[in-house]
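Beneath this line is the structure, given in structure tokens, with notes to follow.
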Amino acid sequence: QWLTEDMALAVKDFVSEGNGFYSLHNNSHVSLSSKTYRDVQGGAYIGHPPLRPFKVRVVNTSHPITQGVADFMVNDEQHYVEYDKDSKYVLLEAENIDGLRYDKHGVKSIAGWAYDFGKGRVVFTSVGHTIHALWVPEYVKLQKQAIQWLLKEI
């Protein structure tokens, strides 16, 4: 609950004016304290089970961020989020392939999205609690391409 409305408006103005915003992992929790911030980010944190292995699947292979990125496994917190925007912007889905459910939310969760916001761009990816998850080669490729997309280089 540390985010003030002035801070949220500053983020919104920054992105709306043509800049990029990469929201990673637990940053989705910040959306719970600000409707303005949530509008920019596109969703909010629900919760997560303990660290466990799960598969991250690319569900939109035509987006510049996901070009050439294969599905990958991580051992991380599988964050569950509420997603507020059009489903056409979803890039990634996470699934516990061992069938372990998280409360009433099941085994699958949205794991990433990207869209234009004003003159700027927003990316969210949910993987990122452990350094080992951040260093999975396919995820590194995706993160690099996300940054290039946010900077309008691709």
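The values are calculated or read from the model by the stated rules, or taken from the named source; none is laboratory data. Since we're looking at a predicted model, the values are computed, not measured. Glycine gets a Cβ as well: all are built from the backbone with ideal geometry, and neighbour counts include every protein chain shown. We work out accessible area using only protein heavy atoms, side chains counted, and drop any ligands, DNA or RNA first. Shrake-Rupley method; radii C 1.70, N 1.55, O 1.52, S 1.80 Å.
In the stretch 1-90, which chymotrypsin sites (Phe, Trp or Tyr not before Pro) are in a loop and have at most 11 other Cβ atoms within 10 Å, using DSSP for the loop call?
Numbers: sites: W2, F14, F21, Y22, Y37, Y45, F54, F72, Y80, Y83, Y89; in loops: W2.
In loop regions of the stretch 1-90 (DSSP not H, G, I, E or B), the sparsely surrounded chymotrypsin sites (Phe, Trp or Tyr not before Pro) are W2.
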Residue-wise HN-Hα coupling along the stretch 9-25, computed from phi with Karplus coefficients 6.51, -1.76, 1.60 (Hz; x: Gly, Pro): 5, 5, 5, 4, 4, 4, 6, 4, 7, x, 9, x, 9, 9, 9, 10, 6
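Please compute the net charge surrounding T130, taking Lys and Arg as +1 and Asp and Glu as -1 over other residues with Cβ under 10 Å from its Cβ. Let's see the in-between values first.
Details: positive: none; negative: D76, E77.
Counting the neighbours of T130, the net charge comes to -2.
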Show me, for the stretch 62-72, the HN-Hα J-couplings you get by feeding each phi into the Karplus relation (A = 6.51, B = -1.76, C = 1.60, θ = phi - 60°), rounded to Hz, glycine and proline as x. 8, 6, x, 5, 9, 4, x, 8, 8, 4, 8
Over the chain, what relative contact order in percent results from Cα pairs under 8 Å that are six or more residues apart? 28
Choice from S23, S62, S31 with maximal GNM fluctuation in the chain (Cα, 10 Å cutoff): S62
For a test of the definition: using alpha carbon positions, the gyration tensor, and the 1.5 limit on a/c, classify the chain as rounded, prolate or oblate. oblate
Kindly sort H105, H25, H132 by accessible area of their heavy atoms, largest first, with the probe set to 1.4 Å. H132, H105, H25
Which value in deg cm²/dmol, rounded to the nearest 500, describes the helix-derived mean residue ellipticity at 222 nm for the chain, given -39,500 (n - 2.57) per DSSP H run of n ≥ 4 and division by the residue count? -7000 deg cm²/dmol
Give the long-range amide H neighbours of R121: residues separated by 5 or more places, or on another chain, with amide H under 5 Å away, using H modelled in the peptide plane at 1.01 Å from N. N19, G20, F21
For the stretch 97-141, state which chymotrypsin sites (Phe, Trp or Tyr not before Pro) are in a DSSP loop and have at most 14 other beta carbons lying within 10 Å of their beta carbon. W135
Which of A111, A70, A44 moves the most in a Gaussian network model of the chain with Cα springs under 10 Å? A70
Residue-normalised value, i.e. accessible area per residue, for the chain at 1.4 Å probe, in Å², stands at 50
T61-M73 pseudo-label distance in nm [points 7 Å out on the Cα-to-Cβ vector]: 2.1
Of L151, Y45, V30, which is farthest along the charge dipole of the chain in the positive direction, counting Lys and Arg as +1 and Asp and Glu as -1 at C-beta? L151
Among K55, K144, K104, the residue with the largest mean-square fluctuation in a Gaussian network model of the chain built from Cα contacts under 10 Å is K104
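Test of understanding: given the chain, find the longest segment containing no GluC sites (Glu not before Pro) that are in a DSSP loop and have at most 10 other Cβ atoms within 10 Å. Each step should come with its number before you reach the end.
On the way: sites that count: E17, E153.
The longest such stretch corresponds to 18-152.
State to the nearest 20 debye the size of the charge dipole of the chain about its Cα centre, where the only charges are +1 on K and R beta carbons and -1 on D and E beta carbons.
Values: 16 positive and 18 negative charges, 48 e Å.
That gives a dipole near 240 debye.
Ignoring ligands, DNA and RNA, what percent of the accessible area of the stretch 10-153 is carbon or sulfur (1.4 Å)? Before the final figure, lay out the partial values.
Details: 3500 of 6800 Å².
That fraction is 51 percent.
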Report ³J(HN,Hα) in whole Hz for each residue of the stretch 141-152, in order, from the Karplus equation J = 6.51 cos²θ - 1.76 cosθ + 1.60 where θ = phi - 60°; Gly and Pro get x. 4, 5, 4, 4, 5, 5, 5, 4, 5, 4, 7, 6
Classify the stretch 94-154 as rounded, prolate or oblate from the Cα gyration tensor: take a ≥ b ≥ c as the square roots of its eigenvalues, call it rounded if a/c is under 1.5, otherwise prolate when a/b beats b/c and oblate if not. oblate
